[in-house]
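J.: Have a look at this one.
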Number of protein chains: 2
Amino acid sequence: VRRKPARGSYERDDIYQIVDDGLICHVGFVVDGQPYVIPTLHARDGDTLLLHGSSGSRLMRHAAEGHPLCVTVTHIDAIVLARAVFNHSINYRSAVLFGSAALISDPGAKMDALTRFTERLIPGRWDDARLPNRKEMLATSVVAMPIASASAKVRTGMPSDEPEDLGLPVWGGLIPIRQIVDLPLPDEHVPVGFALPGYLNAFVQSRSIAEPLIVAD
Amino acid sequence: VRRKPARGSYERDDIYQIVDDGLICHVGFVVDGQPYVIPTLHARDGDTLLLHGSSGSRLMRHAAEGHPLCVTVTHIDAIVLARAVFNHSINYRSAVLFGSAALISDPGAKMDALTRFTERLIPGRWDDARLPNRKEMLATSVVAMPIASASAKVRTGMPSDEPEDLGLPVWGGLIPIRQIVDLPLPDEHVPVGFALPGYLNAFVQSRSIAEPLIVAD
């Protein structure tokens with residue numbers, strides 16, 4: 001029996017963690033038998049996935065009509081270098097959610113949903129920025145997709161080489177990959193001496209490089 | 001007329017650059033009216049997109065049957081913080097390709113396609129690792145999707161605030177985001193003193209942090 005990295009089935013909390021850790025998702029939908037895959041931001045409210053966008057966008061109009069959707073969130077964690085080309089792989093975490101959505105029309109519920117998008121992206125931002133006015137609320141659609149089913153696929157760990165390949169003079173292991181943030185860039189309208197707010201600094205610190213990288217040469 | 005960040009139409013070379021810069025894509029396909037979105041590696045040969053995977057996988061079997069596909073590649077470049085919640089955005093580059101695929105059955109063409117996947121991921125790896133044997137070739141499917149149509153959406157630049165919001169005491173600008181690689185982690189089978197090959201070192205250097213980040217506080 002060959003050792004296989006774990007790519008098994010996952011519990012709801014594990015799947016939702018993958019969803020919540022993702023900055024964006026890819027939404028799949030079907031028009032006249034043709035699949036479309038569109039990247040967009042997402043948020044989650046319990047067992048409901050939230051999507052938002054311009055009220056006129058095709059994705060929002062289509063989703064609001066209740067057609068079936070597939071929402072996928074993927075993280076890339078490493079390139080897996082095995083001795084054999086065939087055993088090369090990617091360490092990743094991917095969640096796939098299925099369901100159909102409906103428009104959130106209640107103004108209070110819609111404002112709550114928008115709060116989730118902003119606070120999920122950068123905690124503290126909602127209370128700092130100017131909140132949506134009536135015209136902006138009308139220009140934005142939010143749809144809620146109860147998660148009808150969900151699954152995850154995860155690969156972790158080192159390469160799985162054939163035993164007979166292990167003696168080959170080929171480097172094997174992982175090249176870790178991650179998404180980081182760099183220092184914030186203020187626009188021209190930020191007054192000189194205007195300090196980065198604490199919540200933004202906290203966000204940047206939590207996602208930037210923890211320690212300087214030294215690349216071997 | 002309000003200033004709008006560029007999200008216009010793009011030439012083929014611009015679209016292909018987005019595709020080629022992406023480590024993975026998300027493939028959309030339809031089974032019985034239900035959309036599916038699956039992350040996978042891709043490669044490109046001129047106006048043809050290549051996908052590969054286990055011969056038994058649903059995606060490979062479905063793609064080989066010639067059903068319509070949508071392949072999307074997305075890069076996230078920054079979180080765009082405007083003074084108003086409504087004007088928050090993401091700087092991103094996204095390419096969407098449409099077409100239908102066919103299996104590559106010719107052994108030479110299949111080996112050429114696999115070379116592209118490996119060399120695209122890490123140039124130099126193909127000539128170092130053990131090449132696929134007959135059994136491994138049979139276990140792998142490669143499909144070629146002539147790109148029937150393609151488009152890109154790109155947002156760049158600073159936030160687009162309403163003029164009346166610019167005086168608000170709210171920080172506005174970009175939080176840049178990028179994908180980096182960390183130092184390679186050899187597995188337990190790499191002999192002590194076995195140097196990282198030059199092509200791997202070059203790859204890591206080209207994608208790691210160019211300079212240490214210092215986070216303001």
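J.: Using the Cα gyration tensor of region B:109-151, with a ≥ b ≥ c the square roots of its eigenvalues, what is the shape: rounded (a/c below 1.5), prolate (a/b larger than b/c) or oblate (neither)?
T.: It is oblate, given that a/c is not under 1.5 and a/b is not larger than b/c.
J.: May I pose another question? Taking Cα atoms of region A:140-190, Rg/Rh with Kirkwood Rh, to two decimals?
T.: Using Cα coordinates only, the ratio equals 1.26.
J.: So for region A:52-134, taking the charge dipole from beta-carbon charges (+1 Lys/Arg, -1 Asp/Glu), which of A:124, A:62, A:114 sits furthest toward the positive end?
T.: A:62
J.: Using the Cα atoms of the protein assembly as shown, I'd like the radius of gyration and the largest Cα-Cα distance, Dmax, both in angstrom.
T.: Considering the protein assembly as shown through its Cα atoms, Rg and Dmax are 22.5, 69 Å.
J.: Also, I was wondering about something else. Can you give the mean number of other chain Cβ atoms that lie within 10 Å of the Cβ atoms in peptide A:37-47?
T.: Details: counts 19, 9, 12, 4, 4, 0, 0, 0, 0, 0, 0.
Counting Cβ atoms of other protein chains within 10 Å of each residue's Cβ and averaging gives 4.
J.: In nm to one decimal, list the spacings between the residue A:205 label point and its equivalents in the other copies, with label points set 7 Å along Cα to Cβ, shortest first.
T.: Nearest first, the other copies' label points are 3.4 nm away.
J.: What whole-number volume per residue, in cubic angstrom, does the convex hull of the C-alpha atoms of region A:1-95 give?
T.: 149 Å³
J.: Okay, moving on. Quick one: check the C-alpha center-to-center distance for region A:175-208 versus region B:56-101, whole angstrom.
T.: 26 Å
J.: Let me ask something additional. Using the Karplus curve 6.51 cos²θ - 1.76 cosθ + 1.60 with θ = phi - 60°, work out ³J(HN,Hα) for each residue of region B:164-177 in order, rounded to whole Hz, and write x for Gly and Pro.
T.: Once θ is set to phi - 60°, the couplings for region B:164-177 become 6, 8, 5, x, 5, x, 10, 5, x, x, 10, 10, x, 10 Hz.
J.: Next up: Enter the accessible area of residue B:67 (Å², nearest 10), with the probe set to 1.4 Å and all protein chains included.
T.: Near enough 70 Å² of accessible area.
J.: Just counting partner chain Cβ atoms within 10 Å, what average do the residues of peptide B:197-207 show around their Cβ?
T.: Values: counts 4, 1, 1, 6, 3, 1, 2, 6, 3, 1, 3.
Whole-number average of other-chain Cβ neighbours for B:197-207 is 3.
J.: Please average, across the residues of B:126-139, the number of beta carbons from any other chain that are within 10 Å of each residue's own beta carbon, and give a whole number.
T.: Average per residue, whole number: 4.
J.: Once a ≥ b ≥ c are taken as the square roots of the eigenvalues of the Cα gyration tensor of region B:119-217, is the result rounded (a/c under 1.5), prolate (a/b larger than b/c) or oblate (a/b not larger than b/c)? Don't skip to the answer; put the middle values down first.
T.: Values: a/c = 4.14, a/b = 1.63, b/c = 2.54.
Taking the square roots of the gyration eigenvalues as a ≥ b ≥ c, region B:119-217 is oblate.
J.: Can you list, shortest first and in nm, the gaps between the label point of residue B:13 and those of its counterparts in the other copies, using a point 7 Å from Cα in the C-beta direction?
T.: Those label-point separations list as 5.3 nm.
J.: When a/c is below 1.5 the answer is rounded, else prolate if a/b is larger than b/c, else oblate, so apply that to chain B with a ≥ b ≥ c taken from the square roots of the Cα gyration tensor eigenvalues.
T.: oblate
J.: Only four residue types carry charge here, +1 at the Cβ of Lys and Arg and -1 at the Cβ of Asp and Glu. Report the dipole size of chain A about the Cα centre in Debye, rounded to the nearest 20.
T.: Details: 21 positive and 25 negative charges, 86 e Å.
My answer is approximately 420 debye.
J.: Within 10 Å of each candidate Cβ there may be at most 10 other Cβ atoms; applying that plus a DSSP loop requirement, which GluC sites (Glu not before Pro) in region B:124-217 survive?
T.: Answer in residue order: B:188.
J.: Follow-up question, since we're still on this one. Once amide H atoms are built 1.01 Å from N in the peptide plane, which residues 5 or more positions from residue B:209, or in another chain, come under 5 Å H to H?
T.: B:181
J.: How far is residue B:135 from itself in the other copies, in nm, if each label sits 7 Å out from Cα along the Cα-Cβ line, shortest first?
T.: Result for residue B:135, in nm, nearest copy first: 6.9.
J.: Could you give the dipole magnitude of the protein assembly as shown about its Cα centre, charging the beta-carbon of Lys and Arg +1 and that of Asp and Glu -1, in debye to the nearest 20?
T.: For this selection, approximately 820 debye.
J.: Sequence-distant or interchain residues sharing an amide H contact under 5 Å with residue B:66, placed H: which?
T.: B:101
J.: Using DSSP, restrict attention to beta bridges with both residues in chain A and report what percent are antiparallel, rounded to the nearest 5.
T.: Close to 100 percent.
J.: Determine the dipole magnitude for region B:97-217: charges of +1 sit on the beta-carbon of Lys and Arg, -1 on that of Asp and Glu, nothing else is charged, the reference point is the Cα centre, and the result goes in debye to the nearest 20.
T.: 740 debye
The values are calculated or read from the model by the stated rules, or taken from the named source; none is laboratory data. Computed from a predicted structure; not experimentally measured. Backbone-built Cβ (ideal geometry, glycine too); neighbour counts: all protein chains shown. The accessibility values were calculated without ligands, DNA or RNA, using every heavy atom of the protein model including side chains. Shrake-Rupley method; radii C 1.70, N 1.55, O 1.52, S 1.80 Å.
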